[in-house]
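What follows is a set of notes on a single structure, which appears directly below.
The values are calculated or read from the model by the stated rules, or taken from the named source; none is laboratory data. Everything numeric in this text was worked out from a predicted model, so none of it was measured. In this analysis, Cβ positions are derived from the backbone assuming ideal geometry, glycine residues included, and neighbour counts consider all displayed protein chains.
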Amino acid sequence: MLGHLSFGVQDLARAADFYERILAPIGFVRVWSSDRGFGFGPPGKGDKLALFAKPGEASAPGPGFHLAFDAPSRAAVDAFHAAALAAGGADAGAPGLRPHYSPTYYAAFVIDLDGYKLEAVHQ
């Protein structure tokens, strides 16, 4: 349904490092770079998430918005969460089952360095 999403970030280099670390466990890599931004997606394919430098302008959406990444396994969800915390992100929901969504919904939630709420989910 979606082609890709773009986020404005305050510090491009800092955000690129954060996303490289948290997206590696779910199989995403940096697929393009420029002086204005970076794109992340599956190796050899197009971006699914683009980050653009918007210092002094970027602001994360408010309550109700988050971006969920499909994870290939529960271990990948765990690794995503651990990598986000190690890279300076904030915990917004530890890895675990979310039976109120479905009996097999295993997810973790974090807040990135610019305030974006992110999720990794394996079903």
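Observations on the structure shown:
- Qualifying residue in region 62-78 (condition: at pLDDT below 95 and among the small types (Gly, Ala, Ser)): yes
- Residue, surrounded by the fewest Cβ atoms within 10 Å (Cβ to Cβ), within region 80-123, restricted to residues that are without any contact (Cβ under 8 Å) to a residue 12 or more places away in the chain and more than 16 Å from ASP70 (Cβ to Cβ): HIS100
- The set of residues from region 1-48 being surrounded by fewer than 19 Cβ atoms within 10 Å (Cβ to Cβ), part of a loop (DSSP other than H, G, I, E, B) and hydrophobic (A, V, I, L, M, F, W, C) comprises MET1, LEU2.
- Cβ-Cβ distances below 6 Å connect the following pairs, each with a first residue in region 32-51 that is over 17 Å from PHE18 (Cα atoms), a second residue that is at pLDDT 95 or above and in a strand (DSSP E or B), and a separation of six or more residues or different chains: PRO43/VAL29.
- The single condition among (1) assigned to a strand (DSSP E or B); (2) in contact (Cβ under 8 Å) with a residue 24 or more places away in the chain; (3) not small (Gly, Ala, Ser) that GLU57 does not meet is (1).
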